[in-house]
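The values are calculated or read from the model by the stated rules, or taken from the named source; none is laboratory data. Note that the coordinates shown come from a computational prediction; the quantities given were computed from them, not determined experimentally. FYI the Cβ positions are ideal-geometry reconstructions off the backbone, even for glycines, and counts take in every protein chain you see. Just so you know, the surface numbers come from the protein's heavy atoms only, side chains and all, with ligands and any DNA or RNA stripped out. Shrake-Rupley method; radii C 1.70, N 1.55, O 1.52, S 1.80 Å.
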Amino acid sequence: MAAIAQGTAITGEPIPPFEHSYARLPQRFYTRVEPTPVRAPLLLRLNHALAEELGLDADWLASPDGIAMLAGNWTPDTALPIAMAYAGHQFGQFVPSLGDGRAILLGEVIDRQGRRRDLQLKGAGRTPFSRSGDGRAVLGPVLREYVLGEAMHGLGIPTTRALAMVATGEPVLRERPEPGAILTRIAASHIRVGSFEYFARRGDMEAVRTLGDYLIQRHYPALVDADDPYAEVLAAVASRQGELIAGWLLVGFIHGVMNTDNMALSGETIDYGPCAFMDEYDPSQVYSSIDRFGRYAYGQQPSIGLWNLTQLANCLLPLLDDDIEAAKARARSALDAYGRAFELAYYGGLRAKIGLLVEPGADKSADDELVQDLLSRMAAHKADYTNTFRRLSGVTLEDPSTLEAIRANFTEPAAFDQWAEEWRTRLARQKEPDAARQTRMRAQNPTYIPRNHRMQQVIDAATERGDLKPLEGLLAVVSSPYDDHAELAQYQKPPEEHEVVRQTFCGT
Ligand code: AMP
Ligand code: MG
């Protein structure tokens, strides 16, 4: 099997020298389709840091030719535009054919570290998978995807990212006409749980195997020669998902539409729709306007992750063993990797968020109870998630006045005081200088998240007034979320009552 994960770094070629490992897969994996040109493309933002990482020439991307490519008005000879086929469980209901209804993959680039990454135009026009959709994207959701991807990256959580954002100069009809936009998405790949479901449901096990082999070569090359590659790749995927979803919980992120077509097997966060970071800690928090029963609430995400992976496991069963009971047993044991990875990352992350050091092999149950007790009190007393942890990072053991800023986060400060007493007793046992603990804690507890009301201000300013200054402001803080900037303190503030955003929309 030829390795496809490696490549040689490219050096600022003006026209991206796209590669096409996915488009070399059998025809039924995708459809060839050209982007539909737009009237008046305008480059709203180029992600220079990401262009640099990809070895792409930012000046060329911002040139008329580059913009024409990013707008879908011109396809360079090196591109091979395709819409990928996939299925998916949407809110638990299986839809046998979804596919890229408004996204077109131009090809893959090998970044400066030799990693293969997809470059895809989202909102570039209709494809054979569009069903009744118009193939377009709206400026507001495109802005949200750009900012939240950069925030996620800044937080150190695997994610797709936006390379560019282009206004189309054409209105897109939603509840009312909205400005159209195209986002250039960079992803480790776009292989989803739903990609496997598409073929498995058709009984096309040859395609399932081909896709499994491709997944292994592209993302899990260490498993190419594994004894039991499909069980092992299932465990590896599960483990990355467990870590990813733990990462989301630790920063208060709610994906909002964890359908199986929105779960990438690379382990990256993908498909920023009605997603949000929460302000007050509440495990039952839901923002998405379409999630009426709270299926994808904050606290449901770990169990939904496993549910989605179980759908993937079902697709792979025939590859695991000829005997169905033996295949199920293998799948179950592979999926155990999910819980293990999640618990390690989540509970370890929580202990780190409150600064606890744990000796290897020590019993962690009392520490875990201490964290859970804090979370319960935060939920009961509406404490802001981000600010509570960030301010805990600033506490000095000898100086109880440093606790004041945290108490104020709780509707009943005494509830925090009782907990803080225990926490300080526990920290005192570590005999660690305050400064060392504070540094560790600040690296775990961001000071800036893209708060919903800030995101809404960015969207309103851009959509209603063509003003991109709020976008620049928010991007600047979320790109380095662990560093304090005294002059940017307003970005830490939770929303005032009249600013609270209670619902987010996917804008499709
Ligand atoms: P999402 O909810 O964004 O993950 O999208 C679910 C499915 O709907 C995918 O197959 C999308 O390609 C498709 N879709 C979403 N919006 C549109 C649109 N405006 N036009 C065509 N297809 C769309
Ligand atoms: Mg999707």
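Numbers below:
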quantity: Count - residues of the range 452-508 that are more than 16 Å from ligand 2 (Cβ to nearest atom), open to solvent by less than 50 Å² (accessible area, probe 1.4 Å) and within 22 Å of the chain's Cα centre (by Cα); calculated: 17
quantity: Count - residues of the range 286-298 that are under 20 Å from ASP384 (Cα atoms) and surrounded by fewer than 19 Cβ atoms within 10 Å (Cβ to Cβ); calculated: 0
quantity: In the range 83-98, the residues that are near ligand 1 (Cβ under 9 Å from one of its atoms) and either open to solvent by 40 Å² or more (accessible area, probe 1.4 Å) or of a type in the set (S, T, N, Q) (or both); calculated: GLN90, SER97
quantity: For GLU145: the one exception among (1) within 16 Å of ligand 2 (Cβ to nearest atom); (2) not in a helix (DSSP H, G or I); calculated: (2)
quantity: Positions within the range 258-290 being acidic (Asp, Glu) and either away from ligand 1 (no atom under 15 Å from the Cβ) or modelled with pLDDT under 95 (or both), in sequence order; calculated: ASP279, GLU280, ASP282
quantity: So THR402, is it modelled with pLDDT of 95 or more and not hydrophobic (A, V, I, L, M, F, W, C); calculated: no
quantity: Count of the range 239-259 residues which are among the aliphatic types (A, V, I, L, M) and under 22 Å from PHE91 (Cβ atoms); calculated: 6
quantity: The range 224-251: number of residues that are crowded, with 21+ Cβ neighbours inside 10 Å and in a loop (DSSP other than H, G, I, E, B); calculated: 0
quantity: Residue that is within 16 Å of ligand 1 (Cβ to nearest atom), within 26 Å of GLU197 (Cα to Cα) and aliphatic (A, V, I, L, M), where the choices are ALA124, ALA181; calculated: ALA124
quantity: Any hit, the range 412-419, residues being farther than 18 Å from LEU356 by Cα, open to solvent by 40 Å² or more (accessible area, probe 1.4 Å) and among the aliphatic types (A, V, I, L, M); calculated: yes
quantity: Yes/no for GLY180 being more than 23 Å from VAL478 (Cβ to Cβ), within 16 Å of ligand 2 (Cβ to nearest atom) and over 21 Å from the mean Cα position of the chain (by Cα); calculated: no
quantity: Exclusive hit being surrounded by fewer than 22 Cβ atoms within 10 Å (Cβ to Cβ) and charged (D, E, K, R), set ARG126, ARG144, ARG136; calculated: ARG126
quantity: Residues within the range 381-415 that are of a type in the set (A, V, I, L, M, F, W, C) and within 32 Å of the chain's Cα centre (by Cα), tallied; calculated: 8
quantity: The range 1-53: number of residues that are modelled with pLDDT of 95 or more and either of a type in the set (S, T, N, Q) or not in a loop (DSSP other than H, G, I, E, B) (or both); calculated: 21
quantity: Residue match in the range 312-334 (condition: modelled with pLDDT of 95 or more, in a helix (DSSP H, G or I) and within 16 Å of ligand 1 (Cβ to nearest atom)); calculated: no
quantity: Any chance THR127 is more than 13 Å from ligand 2 (Cβ to nearest atom), in the same structural domain as PRO26 (by TED's automatic domain parsing), within 19 Å of PHE29 (Cβ to Cβ) and not charged (D, E, K, R); calculated: yes
quantity: Among (1) open to solvent by 10 Å² or more (accessible area, probe 1.4 Å); (2) in contact (Cβ under 8 Å) with a residue 60 or more places away in the chain - the single one ASP65 does not satisfy; calculated: (2)
quantity: Matching option when the condition is part of a helix (DSSP H, G or I) and of a type in the set (D, E, K, R), among ASP271, ASP261, ASP282, ASP291; calculated: ASP261
quantity: Checking PRO221 against (1) surrounded by fewer than 23 Cβ atoms within 10 Å (Cβ to Cβ); (2) more than 16 Å from ligand 1 (Cβ to nearest atom); (3) closer than 30 Å to GLN492 by Cβ, the condition it does not meet; calculated: (3)
quantity: In the range 151-181, the residues that are assigned to a helix (DSSP H, G or I) and surrounded by 23 or more Cβ atoms within 10 Å (Cβ to Cβ); calculated: ALA151, MET152
quantity: Evaluation of PHE277 against (1) surrounded by fewer than 22 Cβ atoms within 10 Å (Cβ to Cβ); (2) under 13 Å from LEU148 (Cβ atoms) (one fails), failing number; calculated: (1)
quantity: Members of the range 99-122 that are crowded, with 22+ Cβ neighbours inside 10 Å, farther than 21 Å from VAL142 by Cα and either within 15 Å of ligand 2 (Cβ to nearest atom) or not hydrophobic (A, V, I, L, M, F, W, C) (or both); calculated: GLU108
quantity: Checking ALA246 against (1) closer than 27 Å to ALA162 by Cα; (2) within 16 Å of ligand 1 (Cβ to nearest atom), the condition it does not meet; calculated: (2)
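Residue by residue, here is whether (1) under 24 Å from VAL233 (Cα atoms); (2) aromatic (Phe, Trp, Tyr); (3) open to solvent by 20 Å² or more (accessible area, probe 1.4 Å) holds:
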position: LYS328; (1), (2), (3): yes, no, yes
position: ALA331; (1), (2), (3): yes, no, no
position: GLY339; (1), (2), (3): yes, no, yes
position: ALA345; (1), (2), (3): yes, no, yes
position: GLY348; (1), (2), (3): no, no, yes
position: GLU359; (1), (2), (3): no, no, yes
position: VAL371; (1), (2), (3): no, no, no
